Amino acid sequence: MKALLYKKGGRANASICQVPDPIVAENQVLVRLMACGICTPADSGHDKGTSMLGEYPVVPGHEFAGIVEAVGSEVKHFKPGDRVAVDNGAPCGTCYFCQRAAFPFCENYKALGQSIDGGFAELVVSPETHVYRVPENVSMKAAALSELTGCAFHCIERCEIPYSGDVLIIGSGASGMLLAMLAKSSEAGTVTVIDSNQGKLDKIAAKGVNTVLVDREDYANHEKILMEQYPHGFDVIIDAAGDPALSERTFELLKPQGKFANYSFSNTEKKDITLNISLIARKELNYIGTTFQHHDFEKVLRAMSTGKVEPELIISRTYPLEDYFEALDENNRNEDLIKIIIEPNGCCDGK
Ligand SMILES: [Zn+2]
Ligand SMILES: [Zn+2]
């Protein structure tokens, strides 16, 4: 089959080439890949040789969906032709945290597209237990974003947005938009997104979300507008930008007993943030960490099927697998792009 293969980290060690088809074990499902998203931090990490999770050789790509091609002899719930999304996470099952069913915190965590062959290929194999049926009204491209949507979904669950609460989301990138759509369809009273890119704000504004443009030269400008609109601040603030200077300032816009969710972070550099402990104590504020998915694929696909989140809104372009490197370069160069989908087996519209 054709695949994107990194023999080691770094572009010089990568090529789109022919590799042997994966062998299907008794409990595994062989999937013909229809759509696989480029994840900027993870896939740039492989390409720059800075990935902290990469184990080589590997086929990257961890956001994918496709059609079942074949199944192992012990597979009971899937058959060739089924439309499926695959959970790329592969916790070990035997460490301390796995034995407590805290799988995302597995001490030996592996993942397709990081340390096991993933989705930038014509075919992939996965254990049946990590495969999920895609509802008929969910496209292959949307289903490919189940993992990313799952990360946002878990964040929204962690935030426990109060009924009629005011929510602020920092950043209107792929995650920021998914978070905004999920917050909008939650108990929230209002949802506001801030970003320095007007085009991205216009996109999410179409979903009935309030938007405010950030002036990167002077954060006081957008804060003034926010304080006019929400003089008492916000119940929940979610940081989907990972800019410590902006996080520190925005933290101060919480209402008493408000929650600040630290969602975005850098894979390559340690970033610190300074918080006012007097403010935290007096206003009973909460600082929450959340970023990875918690294997909620079934719930996430249902949220897509019922229109609570529309991942297609964040898809900017599609490319064939042969043009992967061009797609990745464009992804990293063009700030107006949100999410690029690779189609390893030709155009997947209508499949
Ligand atoms: Zn990712
Ligand atoms: Zn484990």
- Would you compute, from DSSP H runs of 4+ residues alone, the mean residue ellipticity of the chain at 222 nm, taking -39500 (n - 2.57) per run and dividing by the full residue count, rounded to the nearest 500? -7500 deg cm²/dmol
- Message: Give the lysines reachable from K110 as a straight Cα distance under 19 Å; neighbours fewer than 8 places away on the same chain don't count.
- Response: K7, K8
- Treating the beta-carbon of each Lys and Arg as +1 and of each Asp and Glu as -1, no other charges, what is the dipole magnitude of region 238-278 about its Cα centre, to the nearest 20 debye? 160
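Using only Cα atoms, what Kirkwood radius does the chain have, in angstroms?
For the chain, the Kirkwood estimate is 20.9 Å.
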- Message: Accessible area per residue for the chain in Å², computed with a 1.4 Å probe and the full protein assembly in place, what is it?
- Response: 45
- Loop-located trypsin sites (Lys or Arg not before Pro) in region 46-88, at most 14 other Cβ atoms within 10 Å (DSSP): K76
- Message: As an exercise, identify the GluC sites (Glu not before Pro) in region 212-270 lying in DSSP coil whose Cβ has no more than 14 other Cβ atoms within 10 Å.
- Response: E217, E269
- Message: Testing the spin-label approximation: label points 7 Å from Cα along Cα→Cβ at T274 and S164. State their distance in nm.
- Response: 3.9
- Taking the Cβ-Cβ separation of N286 and H232 as r and a Förster radius of 22 Å, what is the calculated FRET efficiency to the nearest 0.05? 0.85
- Which of the listed residues, G165, I277, H232, is farthest toward the dipole's positive end in region 151-289, when Lys, Arg count +1 and Asp, Glu count -1 at the beta-carbon? G165
- Query: Between the DSSP loop rule and a limit of at most 12 other Cβ atoms within 10 Å, which GluC sites (Glu not before Pro) in region 13-115 are left?
  - Reply: E26, E55, E74, E107
- Take the chain, connect every pair of alpha-carbon atoms lying under 10 Å apart with a spring to form a Gaussian network, then pick out the residue of I273, I156, I341 with the largest mean-square fluctuation. I273
- Item | Extended-chain gain in nm, criterion 0.36 nm per residue less alpha-carbon gap, E326 and E55 | 95.2 nm
- Express the carbon and sulfur contribution to the solvent-accessible surface of region 228-289 as a percent, rounded to the nearest whole number, probe 1.4 angstrom. 49
- Listed by chain and number, the lysines with an alpha carbon less than 22 angstrom from that of K271, same-chain partners under 8 positions apart left out, are K48, K259
- Item | Only Lys, Arg (+1) and Asp, Glu (-1) charged, at Cβ; the chain dipole about Cα centre in debye | 440
- To the nearest 20 debye, what is the magnitude of the charge dipole of region 151-289 about its Cα centre, counting +1 on the Cβ of each Lys and Arg and -1 on the Cβ of each Asp and Glu? 220
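The values are calculated or read from the model by the stated rules, or taken from the named source; none is laboratory data. Everything numeric in this text was worked out from a predicted model, so none of it was measured. Here the Cβ is made from the backbone with ideal geometry for all residues, glycine too, and neighbour counts use every protein chain on show. What goes into the accessible areas is simple: the full protein's heavy atoms, side chains included, and nothing from ligands, DNA or RNA. Shrake-Rupley method; radii C 1.70, N 1.55, O 1.52, S 1.80 Å.
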